[in-house]
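Undergrad: If you scroll down you'll find the structure; I have some questions about it.
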Amino acid sequence: MKSNPGGQIDVGDIIGRDVLIESLWSILAEQSVIITAERRIGKTCVIRKMQAQPPPGWTAVLRDLERFHTAFEFASSVFEDVTAHLRQWKKAAKHAQRLLESAGGVEIAGIIKLPDGKTTDWKELLSKSVEDLSREPKADRLVFFWDEMPYMLDNIRRREGDQTAMEVVDLLRSLRHGPAGFRMVLTGSIGLHHVLKHLRDADYGNQPLNDMYSVEVTPLAPEDAVELARRLIRGEGLASTDLEQGARAMAGAGDRFPFYVHHIARHLKMRGLPANPTTIEQCVRDQMLDPHDPWELRHYRERIQLYYPQDDRVALALLDLLSTASDSLGVDDILRAIKSQLAFGDRDRLVDLLRRMERDHYICRDSGGRYRFRFPLLQNYWKLERGLGQ
Amino acid sequence: MKEPALLFRTTPPRTPRTIRERFEVQRSDLILDAEERIRESILTGNKHHLLFVGGAGLGKSHLLRSIVDRIEAAAPLREKLPIAWIPEHQTIPSYLDLLHRIYLSAGLRSPDRFPISDLTPAYEAPGDSATARIEATLLERLDGETMLLVLENLDRTFAGLQDDGQKRLRALLQESARFSILASSRTLFEGISDRTAPFFGFFQIEHLSPLTEEETRTLLKRIANLKGDRDLSDTLTTPRGISRVKAIHPLLRGNHRLVVTLSNHLDSNRLDELATAIEGTLDDSTPEYLALLARFSPQQRRIMDELSRCGHPTSVKEIAQKLFITNQTASGQLKDLRDRGIVTSTSRGRESLYEPTDSLLRLCPAFLDLGTSGVRPLVRFLRSWYEEVENGELCEDYVAACLVLAPETADRDSLDERISKLTRKASRTKTLESLGKGLVLSLRSHTQMPPTRESADAWIATWKRQAHSFAELKIPLRLFATGLQSLAEQDFRILYDLASEERAVLRELLEGQGLTPDQPRPRRP
């Protein structure tokens, strides 16, 4: 197996996600799922594996929604997927087709063709497509894996307005509650809560996702991360006097993120270096200091202003503080330290910020409710980036 | 001597494989690695997407061709691999057009598998339906196999696709998992480096390096062998040949295409006529330079012209003043040029200094400006500077002579007289180049005991008065003055008043004396 940071991984080479995938299928039997995770942790690998290897009785379809800019484009894609699915069972999406025909449109080989400039009601198209699905109980259950849902909602919001974006999430919610047993798995590289916050700012008061089960993809389990590293060392033909030691060092240095472990293997390969603890440690440092930012870590710093526009300075001070703290810190410790740097003393606002930063995977709480950096690798990067003591 | 016409300079992929492999320098490991990754992409569900980034003339097309050659040569893969190659000259204005080109290119290679007739329904369908149809046809024809997409100048392709097209392409790649991309680009660009862009983090990026001095020599030697020029090949391993390549290297900066072009103007006899060979190289490259200029806006052309005219790294303020534009305009344009890799910026204290990155953009303006002596003086100086055998002893004599002529050793009139005598003697004996080299080398003796500012100023002024009329001494005088001033001030930032080639000479000299000119020191109080 070759290193492939950021690329598409063969389903057979996706390691350490079987327990998670099994639990996701059992949840899907009852309700739809939102997969949350920090970027580059391997969400797409999880859904690709689920799509490729569904359990008996299920069929999965994967769509990257980022390309859709209108609700009609989205509804059309659902119609196309439903049509393709039912065709396998020698059935058709009759109601949705009838709707299209009434608008003068035709569907050929799953592709909708409407007269130039004409569209149809996207809500009806979406609803009828899902309805058609429910009318064929003998067919496998179809689950939609919708990647980059937040980007699509943002695209629709920009192109067609907040109202249409709100209607999309509301309609999906009502369809999930319909008789069809309509199932979806939503993922995205930005949290849906950011898009919803924008909609709430535009007076949207609903909770359109609170019926979905939220599952977080975490870094690999220690042994799985070591197994990945082992396979990469072998696959890349890296020299190593002690494969086990090299694999453990690589898994640890990459914080058990598959993306970083792949990057380390690639870096060593391209420079002809062996996989041993010294070269791996040096590799991580080189990558963190590389002006081209191959690990894309600068993003964690740059998105602060975007994510927390009202509290960006507090967020920076908070992360600076936690990055150099030798232990976890409580809310009052943090507030006290921030007060000494900024004119900020609102405890409730700080608690709200801490929650949001926790949801964005910067920080986490220990069993005593005290805060620390979520990922040691990110903590080390933060210290380097911000010129804080090593 | 054999006919060298098979070596295609601007379209290296046209050069026959057997010949290309014979002068492959520097990239063997990269090619092998890429081949392994593409092979894995074809045979398994892992899909690698590789992007090679490097400026004009750094051998990107050559590299892509070599990788594809190796993949095609591997027997089990040849039959299996559908390839679509979008060359750099093709304009891609939309996602639909990209899909169309991909299909046509694959059809050229495998007409039975990708028949043009399959496109008829798409030709008859409107806009989005046509896109969906070609996508569907392509995937149907691939029938579960993986296609290798070779995309030259990905930056320009992505500019044509725009955000929507990029998102559609990404969706096709992600959903189908039937493509592996091998791409090149002159620079990093927004479509892959902006964190909100669909292809951010998607590619495995390798930055291509220019040739080192050693690699330049190896490449010239291999081309000489290819041409059957045994004399040149042998000479390149002698001290004379090594010193000539040392002189060439700062000028061509390891640009593969320029080195290949230069090889057309070199033989063992002409190795001594470096200026003629370099001029021949620039003459051959002028159409490429003009094409490069044509891509800039009129405002950017003026800026590039000014940067080339200045000859040394230049600040935003200086550019703005000389072009009668605001600092903001100059800064914005320079930032854009920097992001595209056209200029390089260096920090000097708080200010950023800019200079052209590309050898063509630095050397061609001087070559084309008929009112000057072009690049000849610089080439001749570098040739003389790196000459180690023929004029070594003479140079050291001149070093000694220059050291004696210090302001402390005589009054102004006497010093003027003695320097004048020395330069006239060098002129008479046709050894001005050696005198110039000796003058610069004399700086070595001042690194441990730098002169005072006053002394340095007096010294520089005297040399300028007595030597400025000799063209051969113009560059050495500039180096001597800048070097002495930086030593007197203990501030190496002054070196940025020199062009990069001249700066490299002084930096090497100072480093040879244990100094670190790249680390700025505080000015003397």
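Undergrad: Within the set of pairs 6+ apart or on separate chains, which have a first residue in region B:92-106 that is in contact (Cβ under 8 Å) with a residue 12 or more places away in the chain, a second that is among the charged types (D, E, K, R), and C-beta atoms under 7 Å apart?
TA: B:Ile92/B:Arg101; B:Tyr95/B:Arg168; B:Leu99/B:Glu135
Undergrad: For region A:145-158, does any single residue satisfy the condition of being closer than 17 Å to A:Phe72 by Cα and of a type in the set (Lys, Arg)?
TA: Looking through region A:145-158, at least one residue is closer than 17 Å to A:Phe72 by Cα and of a type in the set (Lys, Arg).
Undergrad: Counting only residues that are surrounded by 13 or more Cβ atoms within 10 Å (Cβ to Cβ) and more than 21 Å from the chain's Cα centre (by Cα), how many does region B:507-518 have?
TA: Going through region B:507-518 one residue at a time, the tally reaches 5.
Undergrad: Look at A:Arg40 and say whether it is closer than 30 Å to A:Pro376 by Cβ, part of a loop (DSSP other than H, G, I, E, B) and not β-branched (Val, Ile, Thr).
TA: Details: closer than 30 Å to A:Pro376 by Cβ: yes; part of a loop (DSSP other than H, G, I, E, B): yes; not β-branched (Val, Ile, Thr): yes.
Yes; evaluated as a whole, the condition is true for this residue.
Undergrad: Next up: Which condition does A:Arg266 not pass, out of (1) out of contact with any helix residue (DSSP H, G or I) (no Cβ under 7 Å at 6 or more places or on another chain); (2) surrounded by 21 or more Cβ atoms within 10 Å (Cβ to Cβ); (3) modelled with pLDDT of 95 or more, if it passes all the others?
TA: The failed condition is (3).
Undergrad: Still on this structure, please answer the following. Based on this model, can you work out whether B:Phe158 counts as more than 11 Å from chain A (Cβ to nearest Cβ), buried (at least 22 other Cβ atoms within 10 Å of the Cβ) and in contact with a helix residue (DSSP H, G or I) (Cβ under 6 Å, 6 or more places away or on another chain)? Outline the logic, then answer.
TA: Working: more than 11 Å from chain A (Cβ to nearest Cβ): yes; buried (at least 22 other Cβ atoms within 10 Å of the Cβ): yes; in contact with a helix residue (DSSP H, G or I) (Cβ under 6 Å, 6 or more places away or on another chain): yes.
For B:Phe158, the condition - more than 11 Å from chain A (Cβ to nearest Cβ), buried (at least 22 other Cβ atoms within 10 Å of the Cβ) and in contact with a helix residue (DSSP H, G or I) (Cβ under 6 Å, 6 or more places away or on another chain) - is met.
Undergrad: Here's another thing I want to ask about it. Name the one entry in B:Ser331, B:Ser384 that is modelled with pLDDT of 80 or more, crowded, with 20+ Cβ neighbours inside 10 Å and part of a helix (DSSP H, G or I).
TA: Numbers: B:Ser331 fails: crowded, with 20+ Cβ neighbours inside 10 Å.
Criteria check complete, one pass: B:Ser384.
Undergrad: Additional query: Hey, can you tell me all the residues within region A:318-343 that are touching a residue at least 24 places away in the same chain (Cβ under 8 Å) and crowded, with 17+ Cβ neighbours inside 10 Å?
TA: A:Leu318, A:Leu319, A:Asp320, A:Leu322, A:Ser323, A:Ala325, A:Ser328, A:Leu329, A:Ile334, A:Ile338 - these are the residues of region A:318-343 that are touching a residue at least 24 places away in the same chain (Cβ under 8 Å) and crowded, with 17+ Cβ neighbours inside 10 Å.
Undergrad: Can you pull out the residues in region B:366-378 that are buried (at least 22 other Cβ atoms within 10 Å of the Cβ) and either among the hydroxyl-bearing types (Ser, Thr, Tyr) or touching a Ser or Thr at 6+ places or on another chain (Cβ under 9 Å) (or both)?
TA: none
Undergrad: Please find, within region A:216-241, the residue that is farthest from A:Thr187 (Cα to Cα) out of those that are part of a loop (DSSP other than H, G, I, E, B) and not small (Gly, Ala, Ser). Walk me through how you get there before you give the answer.
TA: Quick first cut of region A:216-241, residues part of a loop (DSSP other than H, G, I, E, B) only: A:217-221, A:236-241.
Of the ones still in play, those that are also not small (Gly, Ala, Ser) are A:217-220, A:236, A:238, A:241.
On the way: A:Val217: 11, A:Thr218: 14, A:Pro219: 16, A:Leu220: 18, A:Glu236: 31, A:Leu238: 35, A:Thr241: 41 Å.
Checking each candidate, the answer is A:Thr241.
Undergrad: What is the one condition in (1) of a type in the set (Lys, Arg); (2) away from chain A (no Cβ under 14 Å); (3) closer than 28 Å to A:Ile9 by Cα; (4) surrounded by fewer than 17 Cβ atoms within 10 Å (Cβ to Cβ) that B:Arg186 does not satisfy?
TA: (4)
Undergrad: Hey, B:Lys322 hits all of (1) buried (at least 17 other Cβ atoms within 10 Å of the Cβ); (2) in a helix (DSSP H, G or I) but one; which does it fall short on?
TA: B:Lys322 satisfies all of (1) buried (at least 17 other Cβ atoms within 10 Å of the Cβ); (2) in a helix (DSSP H, G or I) except (1).
Undergrad: B:Lys246 fails exactly one of the following numbered conditions: (1) crowded, with 22+ Cβ neighbours inside 10 Å; (2) modelled with pLDDT of 90 or more. What is the number of that condition?
TA: (1)
Undergrad: While we're on this one: Against the condition in contact with a strand residue (DSSP E or B) (Cβ under 9 Å, 6 or more places away or on another chain) and under 27 Å from A:His267 (Cα atoms), how does A:Val46 come out, does it pass?
TA: On the way: in contact with a strand residue (DSSP E or B) (Cβ under 9 Å, 6 or more places away or on another chain): yes; under 27 Å from A:His267 (Cα atoms): yes.
Judged against the criteria, A:Val46 is a match.
Undergrad: Here are some conditions: (1) within 18 Å of B:Ala171 (Cβ to Cβ); (2) within 13 Å of chain B (Cβ to nearest Cβ). A:Met1 meets all but one. Which one does it not meet?
TA: (1)
Undergrad: Do you know which of the residues in region A:4-36 that are touching a His at 6+ places or on another chain (Cβ under 9 Å) and of a type outside the set (Gly, Ala, Ser) is nearest to the other protein chains (Cβ to nearest Cβ)?
TA: Here is the first cut: in region A:4-36, the ones touching a His at 6+ places or on another chain (Cβ under 9 Å) are A:4-9, A:36.
Checking the rest, the ones that are also of a type outside the set (Gly, Ala, Ser) come to A:4-5, A:8-9, A:36.
Details: A:Asn4: 6, A:Pro5: 7, A:Gln8: 4, A:Ile9: 6, A:Thr36: 18 Å.
Among residues in region A:4-36 that are touching a His at 6+ places or on another chain (Cβ under 9 Å) and of a type outside the set (Gly, Ala, Ser), the one nearest to the other protein chains (Cβ to nearest Cβ) is A:Gln8.
Undergrad: For region A:37-70, what are the residues that are away from chain B (no Cβ under 12 Å), of a type in the set (Ser, Thr, Tyr) and surrounded by 20 or more Cβ atoms within 10 Å (Cβ to Cβ)?
TA: none
Undergrad: Check every one of the helices (runs of 4 or more DSSP H) wholly within region B:27-100 and list those with 3 or more residues that are touching a helix residue (DSSP H, G or I) at 6+ places or on another chain (Cβ under 7 Å), more than 14 Å from every other protein chain (Cβ to nearest Cβ) and modelled with pLDDT of 90 or more.
TA: Working: elements: B:28-43, B:60-73, B:75-78.
Because the criterion is at least 3 residues that are touching a helix residue (DSSP H, G or I) at 6+ places or on another chain (Cβ under 7 Å), more than 14 Å from every other protein chain (Cβ to nearest Cβ) and modelled with pLDDT of 90 or more, the helices (runs of 4 or more DSSP H) in region B:27-100 that meet it are B:60-73.
Undergrad: Cβ-Cβ distance below 9 Å, separation of 6 or more or different chains: which pairs start in region B:124-149 with a residue that is in contact (Cβ under 8 Å) with a residue 40 or more places away in the chain and within 11 Å of chain A (Cβ to nearest Cβ) and end on one that is of a type in the set (D, E, K, R) and crowded, with 16+ Cβ neighbours inside 10 Å?
TA: B:Thr146/B:Lys47; B:Thr146/B:Arg178
Undergrad: Can you pull out every residue in region A:286-333 that is farther than 30 Å from B:Leu208 by Cα and among the hydroxyl-bearing types (Ser, Thr, Tyr)?
TA: Scanning region A:286-333 gives A:Tyr307, A:Tyr308, A:Ser323, A:Thr324, A:Ser326, A:Ser328.
Undergrad: So which pairs qualify, if the first residue must be in region A:187-215 and more than 17 Å from A:Val46 (Cβ to Cβ) and part of a loop (DSSP other than H, G, I, E, B), the second must be among the aromatic types (Phe, Trp, Tyr) and modelled with pLDDT of 75 or more, the Cβ gap must be under 8 Å, and the two must be at least 6 apart or on different chains?
TA: So the pair list comes out as A:Ile190/A:Tyr151.
Undergrad: Within the set of pairs 6+ apart or on separate chains, which have a first residue in region A:273-301 that is closer than 13 Å to A:His263 by Cβ and surrounded by 14 or more Cβ atoms within 10 Å (Cβ to Cβ), a second that is of a type in the set (Lys, Arg) and at pLDDT 85 or above, and C-beta atoms under 9 Å apart?
TA: Between residues of region A:273-301 that are closer than 13 Å to A:His263 by Cβ and surrounded by 14 or more Cβ atoms within 10 Å (Cβ to Cβ) and residues that are of a type in the set (Lys, Arg) and at pLDDT 85 or above, the close pairs are A:Cys283/A:Arg271; A:Pro294/A:Arg266.
Undergrad: Just for region B:193-219: of the residues that are more than 14 Å from chain A (Cβ to nearest Cβ) and of a type in the set (A, V, I, L, M), which one is farthest from the chain's Cα centre (by Cα)? Before the answer, list the steps.
TA: Here is the first cut: in region B:193-219, the ones more than 14 Å from chain A (Cβ to nearest Cβ) are B:210-219.
When the remaining residues are screened for being of a type in the set (A, V, I, L, M), the result is B:211, B:219.
On the way: B:Leu211: 9, B:Leu219: 16 Å.
For region B:193-219, the residue satisfying everything is B:Leu219.
Undergrad: Something else: Since B:Ser308 meets every condition but one in (1) at pLDDT 90 or above; (2) assigned to a helix (DSSP H, G or I); (3) among the hydroxyl-bearing types (Ser, Thr, Tyr), which condition does it not meet?
TA: For B:Ser308, the exception is condition (1).
Undergrad: Let me ask you something else. Hey, can you tell me all the residues within region B:167-180 that are more than 20 Å from B:Asp143 (Cβ to Cβ) and either touching a residue at least 40 places away in the same chain (Cβ under 8 Å) or more than 10 Å from chain A (Cβ to nearest Cβ) (or both)?
TA: Quick first cut of region B:167-180, residues more than 20 Å from B:Asp143 (Cβ to Cβ) only: B:167-171.
Within region B:167-180, B:Arg168, B:Leu169 qualify.
Undergrad: Just give me the residues in region A:145-171 being within 14 Å of chain B (Cβ to nearest Cβ) and over 15 Å from the mean Cα position of the chain (by Cα), in sequence order.
TA: If the condition is that a residue be within 14 Å of chain B (Cβ to nearest Cβ) and over 15 Å from the mean Cα position of the chain (by Cα), then A:Asp154, A:Asn155, A:Ile156, A:Arg158, A:Arg159 are the ones that fit.
Undergrad: Identify the single condition in (1) assigned to a loop (DSSP other than H, G, I, E, B); (2) surrounded by fewer than 19 Cβ atoms within 10 Å (Cβ to Cβ); (3) of a type in the set (D, E, K, R) that A:Glu244 does not satisfy, given that it satisfies every other one.
TA: (1)
Undergrad: Does region B:107-126 contain at least one residue that is under 30 Å from B:Leu252 (Cβ atoms) and buried (at least 17 other Cβ atoms within 10 Å of the Cβ)?
TA: Here is the first cut: in region B:107-126, the residues under 30 Å from B:Leu252 (Cβ atoms) are none.
No, the conditions are met nowhere in region B:107-126.
The values are calculated or read from the model by the stated rules, or taken from the named source; none is laboratory data. Being a predicted model, the structure only gives us computed values, none of them experimental. In this analysis, Cβ positions are derived from the backbone assuming ideal geometry, glycine residues included, and neighbour counts consider all displayed protein chains.
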